[in-house]
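Below: one structure, written as structure tokens.
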Amino acid sequence: MGGATAGTASQRGSAAPARPPRPGLMAGRAFSFWLVNYRRNWFGSAISSFLAPVLFLASMGFGLGALVDAGPGGPAMGVAYVAFVAPGVLAATAMQTGVGESTFPVMAAVKWQRQYHAMLATPLTVVDVLLGHMAFIAVRILATAAVFLAVATLLGAVLSPWALLALPAALLCGLAHAAPVFAFSATQERDTGFMLLFRLVVTPLFLFSGTFFPARDLPPVLEQLAYATPLWHGVDLCRQLSLGTPEAGPAALHVAYLLLWFLGGLLVARRTLTRRLQR
Amino acid sequence: MSVQAPPGGALRAVARSVPFPLGAGLAWRLLERNARSARRYWIVIASGFFEPVFYLLSLGVGLGALVGPIEVEPGRSVPYAMFVAPALLAASAMNGAVFDSTISVFFKLKYTRLYESVLSTPLRPWDVAVAEIGWALLRGAVYAGAFLLVLVAAGFVASWWALLALPAAVLIGFGFAAVGMAASTYMRTWTDFEFVQLAVLPMFLFSATFYPLSTYPPAVQWLVQATPLFHAVQLERSLLLGDVGWGLLGHAAVFAVMAAAGLVVAARRLDRLLLS
Amino acid sequence: MTSPAPAGTLAGQVPAGPLIEARGLVKRFGGFTAVDGIDVSVAAGEAFGFLGPNGAGKSSTMRMVGCVSPPSAGTLRILGLDPVHDGSAIRARLGVVPQRDTLDEELTVRENVVVYARYFGLSRAQSRAKADELLEFAQLTERADDRVEPLSGGMKRRLTIARALVNDPDILLLDEPTTGLDPQARHVLWDRLFRLKRQGVTLVLTTHYMDEAEQLCDRLVVMDGGRIAAEGSPRELIRQYSTREVLELRLADGVAGSEPARVAELLARDARRTEVLPDRVLVYTDDADAAAAEAEQRGFAVVSALTRRSTLEDVFLHLTGRTLVD
Ligand SMILES: Nc1ncnc2c1ncn2[C@@H]1O[C@H](COP(=O)(O)OP(=O)(O)OP(=O)(O)O)[C@@H](O)[C@H]1O
Ligand SMILES: [Mg+2]
């Protein structure tokens, strides 16, 4: 990105109109494009993003939960299984929304419908395009998480008012996945990579990152692996808040780790997207 | 020479409805085309094998430790993993068949317009329907076979009846693929696929897949029994656990009916869509 | 098919009569009539063209002939067979180049031809041999193992034509074979089509380029609004509906005394016919140079004067009052 953009205050006053605007400043325009686009197509993802997590909660939390609570491992959980699994599904849903929104839509905008190219034909920079889209993804994650959290609360699966903080936690968890996946998507020529990503990365994350059962029940090697995943940190953070048992130290660590993935992913995404769009 | 359908039309339609491959010799050729293009994304196809295996590990092994044994018939309990494994086999037969027959057919119908070029050759819409469903079944059979091997290796299979679990999985796939293909001919945009999700996901989660039917109150049990996946799960569970009776034929009949009805509707609709 | 000795045959030999015969052929889409009762007859070995502007009903006609669109009324026989009942058997002997390429982008260039040959029932070995031969013919041998997606428009078009030839068709249907191609690519394609014609393949093509029609067609119909406006060889049509020569005048804007309508009226006295178009005046006459001289003599504000021979464009203009390519 150009060094020509760093202007002093006095220079800014004399504002030569030809001077390229600061990258990132016009991300709002890209954001509003995605928002308008979403208003036209929201139904296309309504069931998978709003209904699916609630159905998972009902099936796992209540149906299977009845067996768990009566089973040999039930008492060791300390809480009803549904209260254990709800924050897990919350974090996992945030991840899935984040990943879903930064795979096919990104590919479409790069290649199939070329919306990014249309944006770049205006004064917008690649950074604007990236941040604008990422802001939209954040809104999608937030909306999905909020609806789920509200339903889970109504169903009595949320035990503490701390759960309000689980909303930003879920958002962070979703973004921590969305940003690196965005970076990956910008390098892809075909959707083959996405299929592999979903089947070999997202599904195992969903199933083994402490979502449905504690990671400590995994074999030792897998347990350590689970602790390295951002999803586990998102799940644990949401769970502490939802159960009303937050601990400052571990929570801060979770937040820091998730931020690391998000910001690191953004940096890489800026590189890969720039390379893709300006070649 | 009139352009109206001749009186023999109905007969002809029946003759063409003879099951694959009798009524659709050239359908093989389209199947071959699919196999050829699949060579380029074999790794995606191979990855499909892992989905049920991951679920089995997570639910069967991880959650299984929390759940404990499940009573499958009076006086007989099995580990949770053995209880859930047949359900995963049935559900993955459904998911694979539905995916192959809806999204990928819709894509070829509307986007790549593959069938447009196929139909300017001697192939007919019927051949297209048969070939695409055949392709879905072929893939489904390979996945089911591989998953069964995993179950055998893990010691989750209790009976020789399990040999029939493979053809049963193919039959289940046939039913869902035919209905899925018929449904995809009604789709206008990608948005409509949310309705497919709406049908498939609740079945996956609630058709006595992850816990026994008796968990539900009686009124709900009745509803669960009305879903096709419930019958698929019962069929596979009985075969894998060796709990076999004549009732299984009833479960199997559900899919035979779905397959026949789906095929007829799909071929008709394709006729109308492609030969307009 | 009730006649004791059906004229049509499935065995591959060409029937004695016309290969394509349409009587009162109609295609309706809902309440809209795209093809409005046309009579067409194409003989073996002929190169036959449908010339017409956008929406004339050319593609609709081609799709009916290609047996992928049942006629709404009228009769249609292709190779002596009825397309509604014997569509599959007829298609086995047609080659189809649709208006929009429908190449299989998941396959390579060679695989596109091989797989297509397999659809026609050719054996694997035959299909491979055919593919090599046709890729050579289409000058695509070097790209044989590339994916289709990155090919240029002209290459894709040639591949589509090559693909349409896998079954050694009796009739090749080409729907706007060269639209969207640059002049050089068009000439390459025309050259390939000439060769096919020499080999005795019956060509049926649509176009809205009169030069293409003049180059390729032995006989053609001018279509407009779903109907046939005229029929004949390019020369006959020009002779019948136009003059030998044409003068095209472009006039300066807003010069009193040189209004297009007035110019046309005055020049019409010595010419057979004049047409006023938005950007020019056309004077149909047997001696265009004389007309040009007269225009100069009368002192019109002529920006440019071009004398040329009549083309099918002029025929079309005469028949329909509209230009072909608008
Ligand atoms: N499937 C269809 N449904 C409804 N209308 C159709 C359909 N196909 C064609 N039409 C209409 O029929 C008319 C003739 O279309 P057709 O494609 O045959 O024209 P054409 O001569 O090939 O034009 P072009 O030069 O633009 O290709 C058009 O008005 C078109 O909108
Ligand atoms: Mg056309």
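Given B:K108/C:K130; C:K27/C:K197; C:K58/C:K197; B:K108/C:K197, which pairs have Cα atoms separated by over 24 Å?
Values: B:K108/C:K130 26 Å; C:K27/C:K197 29 Å; C:K58/C:K197 21 Å; B:K108/C:K197 34 Å.
Listed pairs above 24 Å: B:K108/C:K130; C:K27/C:K197; B:K108/C:K197.
Suppose we look only past 47 Å in the calculated P(r) of the protein assembly as shown. What percent of the Cα-Cα pairs does that tail hold?
Pairs farther apart than 47 Å: 41 percent.
Considering only C-alpha atoms, what is the centroid distance from segment C:187-259 to segment B:234-264, in Å?
If you average the Cα positions of each part, the centres end up 65 Å apart.
Over all directions, the average projected area of the alpha-carbon convex hull for segment B:148-276 comes to how many nm²?
Computed as one quarter of the Cα hull surface, the answer is 9.6 nm².
For C:L319 and C:D286, FRET efficiency with R0 = 22 Å and r from the beta-carbon atoms, rounded to 0.05?
With R0 = 22 Å, the Cβ-Cβ based efficiency is 0.65.
Scan around C:V303 for amide H atoms under 5 Å from its own, H built in the peptide plane at 1.01 Å from N, and keep only partners 5 or more places away or cross-chain.
C:R250, C:L251, C:A252
Which helices, taking whole DSSP H runs in chain A, have alpha carbons extending 18 angstrom or more along the helix axis plus mean Kyte-Doolittle at least 1.0?
Counting only whole DSSP H runs, the qualifying helices are A:81-101, A:126-154, A:166-185.
How far apart, in nm, are the 7 Å Cα→Cβ label points at C:A268 and A:H117?
Result: 5.0 nm between the two label points.
Report, by chain and number, residues whose modeled amide H sits under 5 Å from the one on C:A229, excluding near sequence neighbours (fewer than 5 apart, same chain).
Answer set, sorted by chain and number: C:V222, C:M223, C:D224.
What's the longest piece of chain C with no exposed trypsin sites (Lys or Arg not before Pro), counting a site as exposed if DSSP puts it in a loop and it has at most 14 other beta carbons within 10 Å?
It works out to C:101-243.
Any idea how far apart C:V303 and B:W28 come out in nm if each label point goes 7 Å out from Cα toward Cβ?
The two pseudo-label positions are separated by 6.7 nm.
Report the calculated FRET efficiency for B:I45 and B:E71 (r = Cβ-Cβ distance, R0 = 35 Å), to the nearest 0.05.
0.40
Stretch A:A76-A:A256 to full length: gain in nm at 0.36 nm per residue minus the Cα-Cα span?
This chain segment gains 61.9 nm when fully extended.
In whole Hz and in residue order, list the ³J(HN,Hα) couplings for segment C:57-70 that follow from phi through the Karplus curve 6.51 cos²θ - 1.76 cosθ + 1.60, θ = phi - 60°; x for Gly and Pro.
x, 5, 5, 4, 5, 4, 5, 5, 5, x, 6, 10, 7, x
Could you calculate the FRET efficiency of C:S233 with C:R128 from 1/(1 + (r/R0)^6), where r is the beta carbon distance between them and R0 is 35 Å, rounded to 0.05?
0.30
Which one of B:G140, B:G175, B:G242 has the biggest mean-square fluctuation once chain B is modelled by GNM with Cα springs under 10 Å?
Looking only at B:G140, B:G175, B:G242, the largest GNM fluctuation is found for B:G242.
Sticking with the crude label model, points 7 Å out along Cα→Cβ, report the distance from B:A226 to B:A158 in nm, one decimal please.
So the two model labels end up 3.1 nm from each other.
So what J values fall out for segment A:51-57 if you push phi through Karplus, 6.51 cos²θ - 1.76 cosθ + 1.60 with θ = phi - 60°, rounded to Hz, Gly and Pro as x?
7, 3, x, 5, 5, 4, 4
Would you look at the GNM of chain C, springs on alpha carbons closer than 10 Å, and say which of C:G257, C:G80, C:G57 moves the most?
Comparing C:G257, C:G80, C:G57 in the GNM, the peak value goes to C:G257.
Considering only the other residues whose Cβ falls under 10 Å of the Cβ of C:G80, what net charge follows from Lys and Arg at +1 and Asp and Glu at -1?
Within the 10 Å Cβ shell, the charges total -2.
What ³J(HN,Hα) values, in whole Hz, does the Karplus curve 6.51 cos²θ - 1.76 cosθ + 1.60 give for segment C:290-300 when θ = phi - 60°, with x put for Gly and Pro?
4, 5, 5, 4, 5, 4, 5, 4, 6, x, 5
Starting from the amide H of C:G45, placed 1.01 Å from N in the peptide plane, find each other amide H under 5 Å away whose residue is 5 or more places distant or on another chain.
C:T202
Local charge sum around A:A143 (other residues, Cβ-Cβ under 14 Å, Lys/Arg +1, Asp/Glu -1)?
Taking every other residue near A:A143 into account, the sum is +1.
What value, in deg cm²/dmol to 500, does the helix sum -39500 (n - 2.57) over DSSP H runs of n ≥ 4 give at 222 nm once divided by the residues of the protein assembly as shown?
Result for the protein assembly as shown: -16500 deg cm²/dmol, rounded to the nearest 500.
Each reported figure results from applying straightforward, stated rules to the coordinates on display, with no laboratory input. Quick caveat, the model's predicted, so the values are computed rather than measured. Here Cβ is always computed from backbone atoms with ideal geometry, including for glycine, and neighbour counts include all displayed protein chains.
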